[in-house]
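Colleague: Structure provided below as structure tokens; questions to follow.
Laboratory data are not the source of any read-out in this text; all were calculated from the coordinates shown. This structure is a prediction, so every number in the text was calculated from the model and none was measured. Cβ placement follows ideal geometry from the backbone for every residue including glycine, while neighbour counts extend to all protein chains displayed.
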Amino acid sequence: MRKNIVAGNWKMNLNLQEGVALATALNEALKDKTVKCDVVIGTPFIHLASVVNAVDTTKIGVAAQNCADKVSGAYTGEVAAAMIASTGATYVILGHSERRAYYHETAEILKEKVLLALANGLTPIFCIGEVLQEREAEKHFEVVKSQIESSLFDLAPEEFSKIVLAYEPVWAIGTGKTATAAQAQEMHAFIRKTLVAKYGAEIADNTSILYGGSCNASNAKELFSNPDVDGGLIGGASLGVDKFMPIIEAF
């Protein structure tokens with residue numbers, strides 16, 4: 001059975017003390033609760049080790065928001081997958097539309113990042129999604145299929161089975177616009193069908209596909225009720241326990 005996952009992406013927000021305080025508060029909120037999904041928080045690099053130490057990692061997984069496409073060496077300012085794993089973090093968010101748009105990450109770069117993440121025991125949360133012009137031109141299926149194929153379809157089946165996908169329509173990230181539950185389900189079903197064609201029904205059925213893009217307490221339940229939507233990658237609403245917990249509890 002595939003996992004339901006609610007993952008928070010803090011992006012470039014919160015200083016170290018604020019981040020540890022938020023993680024501690026979330027840990028406290030989850031302490032006596034039985035939830036029906038895995039909970040993950042994606043923190044800035046400098047927070048990773050401190051946040052891992054602040055939470056019960058059997059209840060909260062910790063993710064980096066990126067990793068380098070190189071093993072090690074003279075790459076000033078970069079953070080290797082091995083370094084991330086050494087903090088106790090177990091996930092890494094890769095291919096986010098902001099990384100693709102602002103830092104020009106290509107399919108080839110992302111392919112390397114995925115391989116290095118897997119080699120170091122990290123679970124990639126791999127982001128895919130179209131911009132508004134592509135949606136309006138009705139190229140959204142073509143774009144998303146290409147993003148998956150170009151970075152992930154060289155993986156062996158056992159490698160691909162360790163990937164979590166996150167569909168984030170770029171036009172819905174931080175805009176207040178959300179794909180309707182029907183639009184989300186349509187794309188998630190298409191993604192799963194694409195996986196069936198490459199890796200077979202068993203791997204496709206066991207791959208968690210998250211929805212991201214202005215998912216919040218008011219729409220999470222409807223989004224998550226879709227058969228192919230296995231949770232969310234949450235941006236702004238993950239920056240407060242009062243906003244994040246209702247999304248977790250939407251399952």
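Colleague: Just checking, how many residues over region 91-141 are part of a helix (DSSP H, G or I), within 19 Å of Glu78 (Cβ to Cβ) and among the charged types (D, E, K, R)?
Modeller: Count: 7.
Colleague: For region 10-24, what are the residues that are closer than 15 Å to Gln65 by Cβ and outside any helix (DSSP H, G or I)?
Modeller: Within region 10-24, Trp10, Lys11, Met12, Asn13, Leu14 meet the criteria.
Colleague: Right, here's the next one. Go through region 94-114 and report how many residues are crowded, with 22+ Cβ neighbours inside 10 Å and farther than 16 Å from Val144 by Cβ. Before the answer, list the steps.
Modeller: First, the residues of region 94-114 that are crowded, with 22+ Cβ neighbours inside 10 Å: 94-96, 110, 113-114.
Restricting the remaining residues to those that are farther than 16 Å from Val144 by Cβ gives 113-114.
Of the residues in that region, 2 qualify.
Colleague: When Val143 is evaluated against the numbered criteria (1) crowded, with 23+ Cβ neighbours inside 10 Å; (2) over 24 Å from Leu48 (Cα atoms); (3) without any contact (Cβ under 8 Å) to a residue 40 or more places away in the chain, which criterion, by number, is the only one it fails?
Modeller: Exception for Val143: condition (1).
Colleague: Continuing with the same structure: Is it the case that Val52 is in a helix (DSSP H, G or I), under 22 Å from Val6 (Cα atoms) and in contact with a Phe, Trp or Tyr (Cβ under 8 Å, 6 or more places away or on another chain)?
Modeller: It is false that Val52 is in a helix (DSSP H, G or I), under 22 Å from Val6 (Cα atoms) and in contact with a Phe, Trp or Tyr (Cβ under 8 Å, 6 or more places away or on another chain).
One line per residue, one yes/no per condition, for (1) crowded, with 16+ Cβ neighbours inside 10 Å; (2) of a type outside the set (Asp, Glu); (3) in contact (Cβ under 8 Å) with a residue 40 or more places away in the chain:
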{"site": "Ile46", "(1), (2), (3)": "no, yes, no"}
{"site": "Lys59", "(1), (2), (3)": "no, yes, no"}
{"site": "Gln65", "(1), (2), (3)": "yes, yes, yes"}
{"site": "Ala68", "(1), (2), (3)": "yes, yes, yes"}
{"site": "Val71", "(1), (2), (3)": "no, yes, yes"}
{"site": "Tyr75", "(1), (2), (3)": "no, yes, no"}
{"site": "Val79", "(1), (2), (3)": "yes, yes, no"}
{"site": "Val92", "(1), (2), (3)": "yes, yes, no"}
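Colleague: Within region 1-20, can you find the residues that are surrounded by fewer than 19 Cβ atoms within 10 Å (Cβ to Cβ) and closer than 12 Å to Val52 by Cα?
Modeller: Passing the criteria: only Val20.
Colleague: Which residues, counting only those in region 25-35, are farther than 19 Å from Ala64 by Cβ and surrounded by 13 or more Cβ atoms within 10 Å (Cβ to Cβ)?
Modeller: Taking region 25-35 first, the residues farther than 19 Å from Ala64 by Cβ are 25, 28-35.
If the condition is that a residue be farther than 19 Å from Ala64 by Cβ and surrounded by 13 or more Cβ atoms within 10 Å (Cβ to Cβ), then Ala25, Ala29, Leu30, Val35 are the ones that fit.
Colleague: Whether any residue in region 151-164 is in a loop (DSSP other than H, G, I, E, B), more than 21 Å from Lys70 (Cα to Cα), out of contact with any Gly (no Cβ under 6 Å at 6 or more places or on another chain) and touching a residue at least 40 places away in the same chain (Cβ under 8 Å) is what I want to check.
Modeller: yes
Colleague: I've got another one for you. So Gly88 ticks every box in (1) free of Cβ contacts under 8 Å to residues at least 24 places away in the same chain; (2) of a type outside the set (S, T, N, Q); (3) surrounded by fewer than 18 Cβ atoms within 10 Å (Cβ to Cβ) but one. Which box is left unticked?
Modeller: Only one criterion is unmet by Gly88, namely (1).
Colleague: Continuing with the same structure: Given (1) over 25 Å from Glu105 (Cα atoms); (2) of a type in the set (A, V, I, L, M, F, W, C); (3) surrounded by fewer than 21 Cβ atoms within 10 Å (Cβ to Cβ), where does Leu132 come up short, assuming only one miss?
Modeller: Of (1) over 25 Å from Glu105 (Cα atoms); (2) of a type in the set (A, V, I, L, M, F, W, C); (3) surrounded by fewer than 21 Cβ atoms within 10 Å (Cβ to Cβ), only one is false for Leu132: (1).
Colleague: Would you tally the residues in region 165-182 being surrounded by 17 or more Cβ atoms within 10 Å (Cβ to Cβ) and either in a helix (DSSP H, G or I) or of a type in the set (Asp, Glu) (or both)?
Modeller: Residues that pass the stated criteria total 5.
Colleague: Let me ask you something else. Select from region 25-39 the residues that are part of a strand (DSSP E or B) and in contact with a helix residue (DSSP H, G or I) (Cβ under 8 Å, 6 or more places away or on another chain) and list them in ascending order.
Modeller: Passing the criteria: only Val39.
Colleague: Being of a type in the set (A, V, I, L, M) and assigned to a loop (DSSP other than H, G, I, E, B) is the filter here, so list the residues in region 205-247 that pass it.
Modeller: Those that are of a type in the set (A, V, I, L, M) and assigned to a loop (DSSP other than H, G, I, E, B): Ala217, Val229, Leu239.
Colleague: Tell me the residue from Ala197, Ala204, Ala250 that is free of Cβ contacts under 8 Å to residues at least 24 places away in the same chain, surrounded by 18 or more Cβ atoms within 10 Å (Cβ to Cβ) and over 15 Å from the mean Cα position of the chain (by Cα), please.
Modeller: Details: Ala197 fails: surrounded by 18 or more Cβ atoms within 10 Å (Cβ to Cβ); Ala250 fails: free of Cβ contacts under 8 Å to residues at least 24 places away in the same chain.
Matching residue, one of Ala197, Ala204, Ala250: Ala204.
Colleague: Inside region 212-222, can you point out the residues that are within 16 Å of the chain's Cα centre (by Cα) and not small (Gly, Ala, Ser)?
Modeller: Cys215, Asn216
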